[in-house]
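Computed from the coordinates by the stated procedures, all read-outs in this text should not be read as laboratory data. Treat the numbers as computed from the prediction; the structure is a model and nothing was measured. Methodologically, a virtual Cβ is constructed for each residue, glycine included, from the backbone with ideal geometry; neighbour enumeration extends over all protein chains shown.
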């Protein structure tokens, strides 16, 4: 089992990093939080051209097949650059429709691969992310999946770029055991992608905090020279370094269809989510008043860490999945 990215995967990550850096994703995230989806959708199209959404769609529908390792690489970069939108939900819907193989697959999967459709999914709670921006919202309840026909008002969220809505009504697309099985697979894909986002987010927060403590001085010396600060940052680095092989190992297990894949994905979700959240708390404390301010872009990363930690399975839920065997 390979736990390190290949040369091609590292090149893919560098290409996405360049694309996202040039696109000023903090500005895109602020616009998204304000309800302006145009910059986000434009960048979404460029990500599709780079092949991001095709990683969750089979070749017969215009994609490259489900490639969990490459999907992990992509979502690590998306998390590192705080890209907004129903990213996880869209690839989870793609994985769901591929397994379900219903009529909706032919309609939506080519559009997802091409970046022409943003799709949200409500399957792990009462809310759908960014339902106001999505072209469709699928709701899974037990062994039934329906396409919502509307939604309620936006609910308050710690991360203003994560807008939550309660889906309403809708047309039943399919029901039966196949829906339950496909939803379980989609949950694993969603957890893996969210874990990768948390990993990328944590690495970005660590880098920004290290940069800050080397510039900020106190008593005439950089605060990064203080032993207590070094220890805090070392703890975050260790947590991220321990999470990374778990995330890549879970991707390999999912790609191989291993019976343990669900447990490995859940373990990776816990480790990456907790590491990202710890990185946010450390960044908040070591930046001082800057960490509590909305104006610096740092707040976009800090406010996303907790929701990502809990999305698609809280740490407690994921730990129960690991222990369930």
Rounded to the nearest 5, the percent of DSSP beta bridges in the range 51-152 running antiparallel is 50
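Enter the per residue convex hull volume of the range 56-111, computed from alpha-carbon coordinates, in Å³ rounded to the nearest integer.
Values: hull volume 4.0 nm³, N = 56.
In the range 56-111, the Cα convex hull volume per residue is 72 Å³.
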Rg/Rh over Cα atoms for the range 1-81, Kirkwood Rh, comes to 1.01
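Report, for the range 105-147, the % of DSSP beta bridges that are antiparallel, rounded to 5. Write down the numbers at each step before the final one.
Working: 4 of 8 bridges.
The antiparallel fraction comes to roughly 50 percent.
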Here the tail fraction of P(r) beyond 16 Å, over all Cα-Cα pairs of the range 135-176, rounds in percent to 44
For the chain, percent of DSSP beta bridges that are antiparallel (nearest 5) comes out at 80
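Figure the gain on full extension for residue 14 and residue 215 (residue separation times 0.36 nm, minus the Cα-Cα span) and round it to one decimal in nm.
Values: separation 201, 0.36 × 201 = 72.36 nm, distance 2.68 nm.
Taking residue 14 through residue 215 to full extension adds about 69.7 nm, to one decimal.
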Largest fluctuation, 180, 72, 194 only, Gaussian network model of the chain with Cα springs under 10 angstrom, belongs to 180
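What number, rounded to the nearest 500 deg cm²/dmol, is the helix-based mean residue ellipticity at 222 nm of the chain, given -39500 (n - 2.57) per DSSP H run of at least four residues and division by all its residues? If you can, show how the numbers build up before the last one.
Working: 11 runs with 193 residues, N = 325.
The helix-only estimate for the chain comes to -20000 deg cm²/dmol at 222 nm.
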Rounded to the nearest Å, the spacing of the alpha-carbon centers of the range 1-65 and the range 190-259 is 21
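Fewest Cβ neighbours within 10 Å first, please rank 223, 238 accordingly.
Details: 223 17, 238 11.
The fewest-first ordering by Cβ neighbours comes to 238, 223.
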Ranked output for segments 44-55, 270-281 by mean other Cβ atoms within 10 Å, highest leading, reads 270-281, 44-55
When 292, 127 are arranged by how many other beta-carbons sit within 10 Å of their Cβ, fewest first, they go 292, 127
Measuring from the longest principal axis of the C-alpha atoms of the chain, the long axis of helix 315-324 (C-alpha) lies at a number of degrees, nearest 10, equal to 60
P(r) of the chain over all Cα-Cα pairs, 20 Å bins starting at 0, rounded to whole percent, reads 33, 58, 8, 0
Computed over the chain: longest principal axis from alpha-carbon atoms vs helix 68-80 long axis, angle to nearest 10 degrees, is 50
Measuring from the longest principal axis of the C-alpha atoms of the chain, the long axis of helix 227-256 (C-alpha) lies at a number of degrees, nearest 10, equal to 20
Per-residue Cβ contact counts at 10 Å, fewest first, order 219, 242 as 219, 242
Cα-based Rg/(2.2 N^0.38 Å) for the range 181-324, rounded to two decimals, is 1.16
